[in-house]
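Just so you know, all these numbers are worked out from the coordinates, no wet-lab data involved. Since this is a predicted model, take the numbers as computed values, not measurements. FYI the Cβ positions are ideal-geometry reconstructions off the backbone, even for glycines, and counts take in every protein chain you see.
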Amino acid sequence: MTSGLSILIPVFNWDVNALVEALLVQQADWPGPVEIILLDDGSREKFRILNRALAGRLGVLYQELPHNIGRAAIRNRLAAAARHEWLLLLDNDSLLPDNQFIIRYAAARHRAPVLIGGTSYAPAPPAEAALYLRWLYGREREARAAAVRQRAPHAQLTINNALLHANVLARFPLDEQLAGYGHEDTRFGQALAQAQIPIIHLDNPVLHAGLEPAAEFLHKSEQAVHTLVQLFRTDQLGDESRLTQTVRRLQRLGLVPATRLALNFLAPVLQRNLLSRRPGLRQFDLLKLHWFLTRL
């Protein structure tokens, strides 16, 4: 294993040509060899056709899996295929912010074995109304400065746009046992916190280009809440989210049954708001609490 960089990108129903081309332009900014590994996780054929041409690019490895193996498993498999000392994990629907993305990581790599660059969203809302909720949530809840994320570094860890020393992921592979969608990064951050692995957050965000329509975003969010309930029940949470803090407060006050009942009546109203042209994040918080208490 060399002191080079392995850029690991799981591909699922997305054209990654623009991202890969931008990375190839910047690969000389890393002080060592660079490889880009693309592993298609059961995409539709039209996307595979778009991405297969990348297999012919120098320094790019592109392979396809016959069926989807999941978010944690695909990243673990990518890490196992990597040849270099540093791993850069990127989601396939990311875009680089500028031509200094790789050089910023290269300059910071000696500061910690785990570096988190963050995520940004376009400053203007999308023209398509169905995408507005995902954009709003991203802008208000996910696009946080490094100084803010560093206040709780392990709880603010995101797998997308993470530069890791390879031995970190070898020691702490992503948890493939989680049933359902989401929270691989929650478990990973908890494992690193317990092992006292330092994390440094940087202002080196990628642009999240893959905005889902509101209905799809709500479906994925509900799946993620159900996964969070699994972790909550088995006491597998580290630094807790605002949602789980709220639930624990309701438990202490004996208000879970009453809150569950009230939210059962409110849920259709909340859902309609979030699928409208003017969704509110407070309504989204209440709907997530409804999902959580329903499964608790």
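Which percent, to the nearest 5, of DSSP beta bridges fully inside the chain are antiparallel?
Antiparallel: roughly 30 percent of the beta bridges in the chain.
Would you please state which residues of region 201-216 a label at ASN17 would reach in this model, taking the label point 7 Å out along Cα→Cβ and a backbone N cut-off of under 18 Å?
Within reach of a label on ASN17: 210.
If I take the Cα coordinates of the chain and project them onto the principal axes, what are the three extents in Å, biggest first?
60, 43, 36
Only Cα pairs under 8 Å and at least 6 apart count here; give the relative contact order of region 79-217 as a rounded whole percent.
Relative contact order, region 79-217: 45 percent.
Can you tell me the length gained on complete extension of the stretch ARG278 to ALA108, counting 0.36 nm per residue apart and subtracting the Cα distance?
Working: separation 170, 0.36 × 170 = 61.20 nm, distance 4.05 nm.
Length gained, ARG278 through ALA108: 57.2 nm.
Relative to the longest principal axis of the C-alpha atoms of the chain, give the angle of the C-alpha long axis of helix 214-233, reported between 0 and 90° and rounded to the nearest 10°.
Tilt of helix 214-233: around 80 degrees.
Say R0 is 35 Å: what FRET efficiency, to the nearest 0.05, do ASN68 and ALA262 get from their beta-carbon distance?
0.40
Between Rg and the Kirkwood Rh of region 165-296, both from Cα atoms, what is the Rg to Rh ratio?
A ratio of 1.01.
Would you please report the Å³ per residue occupied by the convex hull of the alpha carbon atoms in region 217-295?
Cα-based convex hull of region 217-295, divided per residue, equals 90 Å³.
Between ALA81 and ARG48, what is the FRET efficiency for a Förster distance of 22 Å, r being their Cβ-Cβ separation, to the nearest 0.05? Intermediate values should be presented prior to the final figure.
Details: r = 18 Å, r/R0 = 0.84.
The pair ALA81/ARG48 has a calculated efficiency of 0.75.
Please rank VAL225, VAL148, fewest neighbouring Cβ atoms within 10 Å first, as an exposure proxy.
Going from least to most buried by this count: VAL148, VAL225.
Please give me, ordered by residue number, the trypsin sites (Lys or Arg not before Pro) of region 140-228 that lie in loop per DSSP and have at most 12 other Cβ atoms within 10 Å.
Here the sparse-neighbourhood loop sites are ARG151.
Packing-wise, with mean Cβ within 10 Å as the measure, how do 200-212, 18-30, 81-93 rank, highest first?
81-93, 200-212, 18-30
Could you order the peptides 127-137, 63-73, 157-167 from most to least packed, using the average number of other C-beta atoms within 10 Å per residue?
157-167, 127-137, 63-73
How far is helix 17-26 tilted off the main Cα axis of the chain, in degrees rounded to 10, range 0 to 90?
50 degrees
Would you mind ranking HIS219, HIS110, HIS226, HIS183 so that the residue whose beta carbon has the fewest other beta carbons within 10 Å leads the list?
Exposure proxy ranking, most exposed first: HIS110, HIS219, HIS226, HIS183.
Compute the helix-to-body angle for 71-81: its Cα long axis versus the longest principal axis of the chain, expressed 0 to 90° and rounded to tens.
Once rounded, the angle reads 20 degrees.
Mind giving me the nanometre distance, one decimal, between the label points for ALA147 and GLN230, set 7 Å out from Cα along Cα→Cβ?
Reported label-point gap for ALA147 and GLN230 is 3.9 nm.
Any idea how far the Cα center of region 96-152 sits from the one of region 25-39, in Å?
21 Å
Relative contact order, percent, of the chain when contacts are C-alpha pairs under 8 Å separated by at least 6 residues?
19 percent
Estimate the FRET efficiency between VAL25 and ALA215 by the formula 1/(1 + (r/R0)^6), using the beta-carbon distance for r and 35 Å for R0, to the nearest 0.05.
It comes to 0.45.
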